[in-house]
1. Within 10 Å of each Cβ in peptide A:309-321, how many partner chain Cβ atoms are there on average? Round it to a whole number, please.
2. With unit charges on the beta carbon (Lys/Arg positive, Asp/Glu negative), name the residue among A:VAL129, A:TYR62, A:GLN279 whose Cα is farthest towards the positive pole of the charge dipole of chain A.
3. For B:MET42, what is the net charge nearby, where nearby means another residue's Cβ is under 15 Å from its Cβ and Lys, Arg count +1, Asp, Glu -1?
4. Can you give the charge dipole size of chain A about its Cα centre, rounded to the nearest 20 debye, using +1 on the beta carbon of Lys and Arg and -1 on the beta carbon of Asp and Glu?
5. Over 5 Å intervals from 0, what percent of Cα-Cα pairs in region A:245-312 sits in each interval?
6. Please give the solvent-accessible surface of A:ILE151 in Å², to the nearest 10, using a probe radius of 1.4 Å with every protein chain present.
7. Express in nm, to one decimal, how much length is gained between A:ALA87 and A:VAL177 on full extension, taking 0.36 nm for each residue of separation and deducting their alpha carbon distance.
8. For region A:200-322, just say rounded, prolate or oblate: build the C-alpha gyration tensor, square-root its eigenvalues into a ≥ b ≥ c, call rounded for a/c under 1.5, and beyond that prolate if a/b exceeds b/c, oblate if not.
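The values are calculated or read from the model by the stated rules, or taken from the named source; none is laboratory data. Just so it is clear, the structure is predicted and the values come from calculations on it, not from any experiment. Note: ideal-geometry Cβ built from the backbone for every residue, glycine included; neighbour counts use all protein chains shown. In case anyone asks, the SASA skips ligands and DNA or RNA and just uses the protein heavy atoms, side chains included. Shrake-Rupley method; radii C 1.70, N 1.55, O 1.52, S 1.80 Å.
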Amino acid sequence: MPNILVLIRLSTHDTVDAHATALLAGAARLGTPIAVLVTDGPLGDGTIAALGRAGAAEVRHYISPEVDSALLTPMVDALATAAADTAPVAVLTENTIDGREVAGRLAVRLDAGMIVDVVDLRAAEGRAVATTSVLGGSYTVESAVEGGPLIATVRQGSLEGPVTVTEPEVRSEALPVSAVPSAAVEGVSETPVASNRPELRTAARVVSGGRGLQSRERFALVEQLADALGAAVGASRAAVDAGYVPQSAQVGQTGVTVSPQLYVALGISGAIQHRTGMQTAKTIVAINKDPDAPIFDIADFGVVGDVFTVVPQLIEKIEADRR
Amino acid sequence: MKIIVLIKQVPDTYGDRRLDQATGRIDRGGDLVVDEITERAMEVALKEKDARKAEVVLLTMGPASSVDVLRKGLALGADRAVHILDEDLAGSDMLRTSAVLAAALRREGFDLVIAGNESTDGRGGALAAMIAERLGLPHATSLNTVAIGADNVAGERAGEQGTRAIHAELPAIVSVTERNPEARFPSFKGSMRAKKKPLDTVALAELGVAEPASRTTVLTATRRPARAAGRKIADDGTAAAELAEFLTSSRLI
């Protein structure tokens, strides 16, 4: 079986999160998953066991004192070193800001083709075929690469699959200080995780609010419906620009792309840049005062009405049904 | 200080954007505009020019129509523009595009390169870092804020888990997010002056980048069926109940 490298970024407390698990499951479809990690110290037994449960057949662990201070370079170096040693047919990273740039730099180093924001992966006739959803989900494209490994960034929440639980073989080595100059990281300010709500990118349900919510205080209505539905909170760019919610909640062309089972748009007109980020949702519900709002063109169920009237009633119904 | 801004022409996101289903390439037949994020990149450069002395050069790679975005940038205040124009570049993937742009940047020479973090058409979000890798330079990318110093550049880097304060020595490659200010508007005077500014066209042969060829191949491209509007009701006091019923029958609550 061909080797597949997977860049694993441990989340806080060195845990192997759902995104890392999904990448390993995607790798298992193509060949033997090899987890590549860079840390500034030893790897805990718990972490190794978790990687094994997620299906990593092997763990390549690189120790670099620069991992948090030299922007991305240690990860590019680690993947390049592992690739030289394992001759992979594919290298997978998460489709995040960091993941895309690590993949891009690795593609340059390995002179290999790169495909970003992959939503599906399969092996066909001895090569990896990647599916992407482009132009805001208007097209589905299948691509492959020639003349080298596939470097792919995988959209979070898109891959899953059966894995074989293993006791991975672990190789740890020190990563030499890179000859490539890097930007220096001076400080990190983590986005506080404000609630127990599901993560926007991978949530099965999303409730989003737009300018129609009128103020930061009244935007709380979106959160209340989200909590009644067990949904993540999203927003249109207009709501973000108006300061109702942080930018991390922005759904659309320049924000997060979501593909949930249920998407509820409250007070969102549905400019094409917003639709681009949510139109592949399975079911779309829209509530808006303006009967001509373009969001109604793609909504499975549309209510022309005042969100401040309809939504509290809806929350009451949902909660009454639960009792 | 010499700043090169990477600028790109893209299909208007307000229009109906299409892919050529035979090649998987973006159909450039519709309305074409400057990618807004590259206008913001240009604004960062022009602010530096306003505040201190800086030469601002625009660089694009694209079909003949791309000259429009360079003209617009010159009207806004850039000093010079370079257009890499060659039929052989049609359909270039990121690997090839980064090689061609890196060769043009090397030839031109610079202190700082500013790009957008992610185009609205390809959405690759990696080109600036790929160029930096090719040139052996640091990249300070996905910056929400940009502070340009005499010999370094610093700013706040966006991220899914939080932001990071980063800085890099010049020369460096920067990319900016949409948290940066919008572009200024062109003045009549600026537009008149732009006509006299140098706009050079460069062919691939002049850059000497035969390799690498594009390595990605599109196998199939299929248009998703358009979404149809479903039920739409006006609230007469019962809409919430009907909506709750819809969600229940769809097994969503």
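1. Values: counts 4, 5, 2, 1, 8, 8, 2, 3, 9, 6, 0, 1, 4.
So the per-residue partner count for this stretch is 4.
2. A:GLN279
3. Values: positive: B:LYS2, B:LYS8, B:ARG40, B:LYS47, B:LYS49, B:ARG71, B:LYS72, B:ARG80, B:ARG184, B:LYS197; negative: B:ASP35, B:GLU36, B:GLU39, B:GLU43, B:GLU48, B:ASP50, B:GLU55, B:ASP68, B:ASP79, B:GLU178, B:GLU182.
Net of charged neighbours comes to -1.
4. Details: 24 positive and 37 negative charges, 150 e Å.
Dipole of chain A, to the nearest 20 debye: 720 debye.
5. Once binned at 5 Å, the Cα pair distances of region A:245-312 give 4, 19, 28, 25, 18, 6, 0.
6. 0
7. Result for the pair: 30.1 nm of gain on full extension.
8. Working: a/c = 1.23, a/b = 1.20, b/c = 1.02.
In terms of gyration-tensor shape, rounded.
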